[in-house]
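To keep things clear, I will list the structure first and then write my remarks on it.
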Amino acid sequence: MSQPSSTTAPVKFAYWVPNVSGGLVVSTIEQRTDWRLEYNQRLALAAEKAGFEYALSQIRFTAGYGAEYQHESVSFSQALLHATTKLKVLAAILPGPWNPAVVAKQIATIDHISNGRIAINVVSGWFKGEFQAIGEPWLEHDERYRRSNEFIRALKGIWTEDNFTFKGDFYRFSNYTLSPKPVQKPHPEIFQGGSSRAARDNAASVSDWYFTNGNTPEGLKVQIDDIQAKAAENGHTVRIGVNAFVIARDTEEEAKAVLADIIKHAHVEAVHAFGDAAKQAGKSSPEGEGNWAKSTFEDLVQYNDGFRTNLIGTPQQIAERIVALKAIGVDLILTGFLHFIEEVEYFGEKVLPLVRKLEEAEQGAIAGKHSKPALEAVA
């Protein structure tokens, strides 16, 4: 079981692996980012050196929305693990194309090869056209999350039990024993995203981590408070990650100019095509609050509403906003960048040290506040 969200633990940092062409914005602006292996291995080393703890590989099966080429997530994640020594890589997994028995075996093997540095991100599926293209049945919104719930429960059972038996509506196992089991105990970390009621309920019952799209602190706090209340009811603990597109520059004006330039050069046709598919997925949740349900055109230029988190400005501004996010229960920032290697290096040099200083100051203030009554009593 994952550790509970805690303001005492340093906030963690992850980055989107650009194993899909087109970068992280749907724009024709120059992006000094490449989807191929050599670039990504250099990026992984740069991120590891900069202080990033996680990298998240993407899963796509078909071209579209500026993403003409896509490397498969599990094998690509393993290649990044071979190039690094500390970074943990999350392989995106899509129930439907993947069976939990195959995933359990794959990930257990990679866990041994990497000495416990693999994790997974279970993607319930939002792109109907992709499922149709590869001949996979398309389930209704909440059914997709019900399948993911069984998928995760089956994985945990296979990874932790011998003679595992499971009888669900989507998956069935009979006296199955996986050997060897993963290095990580009790099992590799399981991440999951989404904004809908079904996504939050699933994370609050079975997932170790919950990723949410970018949002304002006020919007995020509503989601976080809701999911943590549900998790507490279930006797479960879940940690929170938020998506953010980072534009860190020496001046606020320069950062805002980069954002304006990205949106000015948005690939309008691709953004609208992505928006139509994405919003259909978001609004298909019974309450109409899934990912992208209320996203604007500008929001959709960055796939997961990353501009809305507003990590755009000077290193000091960004560091302060990150610590403010931590204060409402965010444990991890999932970052995207325009020019990945150089901006990851800048983030590690300029932003991350400020975050740590602010965290230390905050902890010092809390410690001082707690010790004051004791000192007064002695006096």
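Quick look at the numbers
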| quantity | calculated |
| --- | --- |
| In segment 85-113, residue farthest from ASN304 (Cα to Cα) [restricted to those that are part of a loop (DSSP other than H, G, I, E, B) and open to solvent by 10 Å² or more (accessible area, probe 1.4 Å)] | THR85 |
| All positions within segment 310-325 that are crowded, with 22+ Cβ neighbours inside 10 Å and touching a residue at least 40 places away in the same chain (Cβ under 8 Å) | LEU311, GLY313, ILE318, ILE322, LEU325 |
| Looking only at segment 19-51, and only at residues there that are part of a loop (DSSP other than H, G, I, E, B) and in contact with a helix residue (DSSP H, G or I) (Cβ under 6 Å, 6 or more places away or on another chain), the one that is nearest to TYR69 (Cα to Cα) | ASN19 |
| Test set (1) of a type outside the set (Val, Ile, Thr); (2) part of a loop (DSSP other than H, G, I, E, B); (3) over 26 Å from PHE61 (Cα atoms) - ASP169 fails condition number | (3) |
| Cβ-Cβ under 7 Å pairs, at least 6 apart or on other chains, segment 138-153 side among the aromatic types (Phe, Trp, Tyr), far side open to solvent by 30 Å² or more (accessible area, probe 1.4 Å) | TRP138/LYS128; TRP138/GLN132 |
| Options GLY364, GLY368, GLY348; residue that is open to solvent by less than 40 Å² (accessible area, probe 1.4 Å), assigned to a helix (DSSP H, G or I) and at pLDDT below 95 | GLY368 |
| Residue selected from segment 172-186 under the condition of a type in the set (D, E, K, R) and without any contact (Cβ under 8 Å) to a residue 60 or more places away in the chain, by the criterion farthest from LEU56 (Cα to Cα) | ARG172 |
| Odd one out for GLU189, checked against (1) over 22 Å from the mean Cα position of the chain (by Cα); (2) touching a residue at least 24 places away in the same chain (Cβ under 8 Å); (3) surrounded by fewer than 20 Cβ atoms within 10 Å (Cβ to Cβ) | (1) |
| Residue that is modelled with the highest pLDDT, among those in segment 61-79 that are more than 24 Å from SER114 (Cα to Cα) and in contact with a His (Cβ under 9 Å, 6 or more places away or on another chain) | GLY66 |
| Positions within segment 127-166 being open to solvent by less than 40 Å² (accessible area, probe 1.4 Å) and in a strand (DSSP E or B), in sequence order | PHE164, PHE166 |
| Only one of ALA203, ALA232 that is open to solvent by less than 10 Å² (accessible area, probe 1.4 Å) and among the small types (Gly, Ala, Ser) | ALA203 |
| From the options ALA154, ALA47, ALA104, residue that is closer than 18 Å to TRP16 by Cα and of a type in the set (A, V, I, L, M) | ALA47 |
| Pick from segment 53-82, criterion out of contact with any Phe, Trp or Tyr (no Cβ under 7 Å at 6 or more places or on another chain) and of a type in the set (Phe, Trp, Tyr), ranking: farthest from TYR39 (Cα to Cα) | PHE61 |
| Pairs, first open to solvent by less than 100 Å² (accessible area, probe 1.4 Å) in segment 30-46, second among the polar types (S, T, N, Q), C-beta under 7 Å, six or more apart | TRP35/ASN19; TRP35/SER21; ASN40/ASN19; ALA44/THR84; LEU45/THR84 |
| Yes/no for ILE247 being closer than 18 Å to VAL301 by Cβ and surrounded by fewer than 21 Cβ atoms within 10 Å (Cβ to Cβ) | no |
| Sole exception among (1) surrounded by fewer than 22 Cβ atoms within 10 Å (Cβ to Cβ); (2) at pLDDT 95 or above; (3) not basic (Lys, Arg) for ASN19, by number | (1) |
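Quick grid of which residues meet (1) in contact with a helix residue (DSSP H, G or I) (Cβ under 8 Å, 6 or more places away or on another chain); (2) under 26 Å from ASP111 (Cβ atoms):
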position	(1), (2)
SER174	no, yes
HIS187	yes, yes
ARG200	yes, no
SER207	yes, yes
ILE227	yes, no
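The values are calculated or read from the model by the stated rules, or taken from the named source; none is laboratory data. Being a predicted model, the structure only gives us computed values, none of them experimental. Ideal geometry is used to build each Cβ from the backbone, glycine not excepted, and the neighbour counts take in all protein chains shown. Only protein heavy atoms, including side chains, enter the accessible area calculation; ligands, DNA and RNA are left aside. Shrake-Rupley method; radii C 1.70, N 1.55, O 1.52, S 1.80 Å.
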